[in-house]
Every structure is written in C-alpha cells, then in structure tokens.
Amino acid sequence: MSDLIHHILIRPLEAAEPVPYGLLLLADPSEEQIDRYLPGSEVYVAAWKEQVLGVLVLSELSAHVVEIKNIAVEEAYHGKGIGTLMIREALAIARRRHYQIITIATADSSTGQLYLYQKEGFEITNIKPGFFTEQYSQPIYENGLRAKDQVILSKRL
Ligand code: ACO
C-alpha cells in the first residue's frame, strides 16, 4: 500500500509483547550487546495494524544526553519512510523529556544510514577508530566495505 506511512503508529513496546530480536539484530549483530543495553532502555515499535515493522531503542547517557541505541525496519519495508518517521519520533520524545542532545552511532561503512541521520540534522561529532575491528569477533561488511571505525553523530535539541 503506497500510503502505508500514514498508517504507521509508533508506540512503546508493551510488557506482554515479545522483544523484536529479529529487528534489533538487523541494527546490531551482537545479541550479547543488545541484552546489555535493553534493560536500561526504552523500546518503541513502529506498528502497522498488528504487525511490528520497526524498532527504536532510546537510552539515557546522562541527564542531558539520550542515544538512539538501535533503529531498524523490516527489510521488505525499507525505503518507505519508516526509519525517518522513527528518527523524528525519537527527537520529539527526547525534546518532551528535556534532553539537550541526542546521539546515534553507526559504522563508517553504513553509508545509507550516515546519509539518513545527516539528512535529519545529525552531525558527525566523534569517530572511534578501529571500534568494529576490535569489539566484534567477526568482520562486518556493508556495501562491499569492511566496518572499521564507529562514527558518532549528534543533534542539539
Ligand atoms: N542504504 C541506502 N540508503 C538508505 C539506507 C541504507 N541502508 N538506509 C536509509 N537509506 C536512505 C533511503 O534510501 C532514503 O533516502 P531518500 O530520503 O533519498 O529517499 C532515506 O535514507 C530515508 O529512508 P527511510 O525509508 O526513511 O528509512 P528506512 O525505513 O529504510 O529505515 C534504516 C532506515 C532503519 C536504517 C533501515 O534501512 C534498516 O533497518 N537498516 C538495517 C538496520 C540498520 O542498519 N540500522 C541502523 C544501525 S545504527 C543504529 O541502530 C544506532
């Protein structure tokens, strides 16, 4: 359906709902890392009717800073604006909670994601060289590039 985006509801994951690990793993290949940050985070889902098509995880880094820890959309629904909608919702939630800065981290090889985040007003504020080669046991490839550095982007709210 072409106007799908107008029917997407972003809402908190309910306590009785299963954690959408399949989606979370699209954004972060380490289940161990996910299980480490999930308990201290807020999880939102992008739902269409009964179907969960996207996930958004927000974690407080300090009293003023919140991080988008994980954002993912079901592959069959990429490119339909759901990712953009979730980022805008993350900004709205962060503003309502009076955070001053929102951050998001990705890999140097994640060209599409880097484009999306900058399009939504994030700027590159830090780079951690060798993060993906040192922290992950298996090499990660995207777009034919090996992920090496972690790129951190921030936006003032
Ligand atoms: N490759 C190429 N282009 C991309 C990509 C990508 N991986 N992701 C987004 N874009 C572009 C789209 O082409 C689109 O461009 P346009 O505005 O010129 O049309 C724009 O970004 C916005 O796209 P949306 O449709 O709003 O985004 P989508 O619903 O596809 O969701 C997301 C983007 C969440 C990154 C999705 O591609 C995804 O789930 N990817 C796999 C998981 C992932 O990489 N998550 C982010 C990891 S970092 C983290 O979680 C902190």
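Brief remarks on what is shown
- Cα point-scatterer Debye curve for the chain, base-10 log of I(q)/I(0) at q = 0.11, 0.15 Å⁻¹: -0.42, -0.82
- Where region 1-87 is the region considered: accessible area per residue in Å², 1.4 Å probe: 54
- Split the chain at each of the GluC sites (Glu not before Pro) in a DSSP loop with at most 10 other beta carbon atoms within 10 Å, and the longest piece is 51-157.
- Taking only protein heavy atoms and a 1.4 Å probe, the accessible area of the chain is 50% carbon and sulfur.
- Between region 101-156 and region 9-74, the alpha-carbon center distance in angstrom: 18
- Intensity falloff of region 43-92 expressed as log10 I(q)/I(0), Debye formula with alpha-carbon point scatterers, at q = 0.21 Å⁻¹: -0.71
- Computed helical MRE - 222 nm, the chain, DSSP H runs ≥ 4 contributing -39500 (n - 2.57), nearest 500: -7500 deg cm²/dmol
- Lys, Arg +1 and Asp, Glu -1 on Cβ, resulting dipole of the chain about Cα centre, debye, nearest 20: 580
- Per-residue SASA entry for Leu91, accessible area with 1.4 Å probe, Å² rounded to 10: 10
- In Hz, Karplus ³J(HN,Hα) per residue of region 67-74 (6.51, -1.76, 1.60; θ = phi - 60°; x = Gly, Pro): 10, 7, 7, 7, 9, 7, 10, 3
- Computed over the alpha-carbon atoms, region 88-135 gives an Rg to Rh ratio of 1.03, Rh here being the Kirkwood radius from the mean inverse distance.
- Count of Lys pairs (Cα-Cα under 20 Å; at least 8 positions apart or interchain) in the chain: 9
- For region 14-62, the ratio of Cα radius of gyration to the globular rule of thumb 2.2 N^0.38 Å stands at 1.15.
- Rounded accessible area of Asp108 (nearest 10 Å², 1.4 Å probe): 50
The values are calculated or read from the model by the stated rules, or taken from the named source; none is laboratory data. Note that the coordinates shown come from a computational prediction; the quantities given were computed from them, not determined experimentally. Backbone-built Cβ (ideal geometry, glycine too); neighbour counts: all protein chains shown. Quick note on the areas: whole protein, heavy atoms, side chains included, nothing else; ligands and nucleic acids left out. Shrake-Rupley method; radii C 1.70, N 1.55, O 1.52, S 1.80 Å.
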